[in-house]
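Data first, discussion second: the structure below is written as structure tokens.
Derivation of every value follows stated rules applied to the coordinates shown; laboratory data play no part. Keep in mind that what you see is a predicted model, and the values were worked out from it rather than measured. Please note: Cβ atoms are built from the backbone with ideal geometry, for glycine as well, and neighbour counts cover all protein chains shown.
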């Protein structure tokens, strides 16, 4: 996830929450200690917001199929030169690990988990026959596709393929793991996420079905935008057994701000850029935003907190259906200001994360949705 720090004014009028974004600037080019990129974005778009048909009484998505995707992605390497021609080789490579074999220990553990939790035909195959493929790797999770061999059929209702998710660096810690596990189990039961086949301290086994993640430009398609709004409304209408105080937003920003303050650079060009960023007095802006939100009547609801194109799936075979999308990746979900989910999603219209050169995304501010695109009438 690229957490977008939205520096702006939130105000609520009727059923439309507006986010006025003030200026453009990057909080930091990289959180070097964790590899997590934090961006601070705003513009002069004026009032923005979203109006959706809020099915507050419903906490299920329409349709019964749930899925997870394994999508081929091109490994990305660091650019030797920065956008201004200076040496930015400190930017780390974003290899996802698919060009290397699964290490023997991971293979052994994956086989054991599949055998014990899935049973059926998984219990009769040998580790030699067990198939495992790296899907992707990141700070939040390591993903693998585990499969029965082609000549072995399921003995009962057990799946032929599953997604193995092993928790990564961001989700370390007992509290985070417990909350994330409970959340996923509830969302799976409510058919808001992939079916859950097994859960254990190191990760879980999830339903695997083919699909495609959306592309950035698809967020602006009217039918897709309307369905995203509907999905978000259902998400916001859920009651979850978690802390109802909106602590996630500022807790996360505070943690990243602390990391920014400890950044150490070697190259003079990086030092100059870092010092220039710090002159914006971002901590003071954060305190101003904190005070502003405290006085804003934005409702606190259960939010996804990361509704970007990579976390929205287009289900295979449903491209022409009214129920063709599914939100995934709930590890950042929490109770939060509803306006953050809206504002964050609108900002995602700007960013293309498929760019294969450092810093591995491109921003096109002109793609920010206008008022007509933001407001969807019942």
>> Between residue 200 and residue 212, what is the label-point separation in nm under the 7 Å Cα-to-beta-carbon projection?
In response: 3.5 nm
> FRET efficiency for residue 116 and residue 271, Cβ-Cβ distance as r, R0 = 45 Å, nearest 0.05?
Replying inline: 0.30
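I want to verify the translational diffusion coefficient of the range 104-206 in µm²/s; compute it with Stokes-Einstein, Rh as the Kirkwood radius over Cα pairs, at 4 °C and 1.567 mPa s. Don't skip to the end; give the middle numbers.
Values: Rh = 14.2 Å.
In µm²/s, the coefficient rounds to 91.
Peptides 281-287, 234-240: what's the order by average Cβ count within 10 Å, highest mean first? Before the final figure, lay out the partial values.
Working: 281-287: 14.3, 234-240: 18.1.
Result, highest mean first: 234-240, 281-287.
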> Rounded to a whole number, what is D in µm²/s for the range 245-340 from Stokes-Einstein with the Kirkwood radius over alpha-carbon pairs (10 °C, 1.306 mPa s)?
Replying inline: 96 µm²/s
>> Highest mean first, how do 152-160, 247-255 rank when packing is the count of other Cβ atoms within 10 Å averaged over residues?
In response: 247-255, 152-160
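Which FRET efficiency value, to the nearest 0.05, do you get for residue 247 and residue 123 by plugging their Cβ-Cβ distance into 1/(1 + (r/R0)^6) with R0 = 41 Å?
Numbers: r = 43 Å, r/R0 = 1.06.
Calculated transfer efficiency: 0.40.
Please tell me the relative contact order of the range 104-206 in percent, rounded to the nearest whole number, where contacts are Cα pairs under 8 Å and at least six residues apart. Each step should come with its number before you reach the end.
Details: 140 pairs, mean separation 23.4, N = 103.
Relative contact order for the range 104-206 comes out at 23 percent.
Determine, for each peptide in 300-311, 199-210, 261-272, the mean count of other beta carbons within 10 angstrom over its residues, then list the peptides with the highest first. Let's see the in-between values first.
Details: 300-311: 21.5, 199-210: 18.9, 261-272: 12.6.
Ranking the peptides 300-311, 199-210, 261-272 by packing returns 300-311, 199-210, 261-272.
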>> Defining a contact as two alpha carbons under 8 Å apart and six or more residues distant in sequence, what relative contact order in percent does the range 147-285 show?
In response: 16 percent
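Over the Cα atoms of the range 120-276, Rg to Rh with Kirkwood Rh, two decimal places?
Details: Rg = 20.7 Å, Rh = 19.6 Å.
Checking Rg against Rh, the ratio lands at 1.06.
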